[in-house]
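Inspection log for the structure reproduced underneath, given as structure tokens.
The values are calculated or read from the model by the stated rules, or taken from the named source; none is laboratory data. Because the structure is predicted, anything quoted here is derived from the model rather than measured. Using ideal geometry, Cβ is built from the backbone for each residue, glycine included, and neighbour counts are taken over all protein chains shown.
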Amino acid sequence: MPLYEHVMIARQDLSNAQAEGLIEHFTAVISDNGGSVVGTEYWGVKTMAYKINKNRKGHYMYLRTDAPSAAVQEMERLARLHDDVMRVLSVKVEAHEDGPTVQMQKRDERGERGDRGDRGPRR
């Protein structure tokens, strides 16, 4: 089955327990439609770059799934209908990375940024 990664942003006025309950809800939707959730992460409340529905912050949630496209479409449909979910992004990937995402790593564990190679010498 195809592998997907999903990021959801929920309203900022939810409690942490309610936000984690959304993860469980959408995990059940994927499972009921023939898929499986490989891993989930709750990233916490983060400030967004711009307002969405008059909200400056949101609860960020991350799911890794191994599911057929019909299950992903149903999950996205229900997320868009859900009043607490503001945005959903689903990306099809070749393979899931091992370990925690960059959002969950501490700043000192990430390593140096290094030179990107896209800029010439400074004058």
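Assorted remarks:
- Looking only at region 11-24, and only at residues there that are assigned to a helix (DSSP H, G or I) and free of Cβ contacts under 8 Å to residues at least 12 places away in the same chain, the one that is surrounded by the fewest Cβ atoms within 10 Å (Cβ to Cβ): 17
- Leading residue by the ranking (surrounded by the most Cβ atoms within 10 Å (Cβ to Cβ)) among those in region 64-75 that are in contact with a Gly (Cβ under 6 Å, 6 or more places away or on another chain) and hydrophobic (A, V, I, L, M, F, W, C): 67
- Options 17, 10, 49; residue that is more than 16 Å from residue 84 (Cβ to Cβ) and of a type in the set (A, V, I, L, M, F, W, C): 49
- Restricting 48, 61, 86, 8 to residues that are more than 13 Å from the chain's Cα centre (by Cα), in a strand (DSSP E or B) and surrounded by 14 or more Cβ atoms within 10 Å (Cβ to Cβ) narrows the list to 48.
- Any hit, region 97-115, residues being loosely packed, with under 13 Cβ neighbours inside 10 Å, at pLDDT 90 or above and more than 14 Å from residue 9 (Cα to Cα): no
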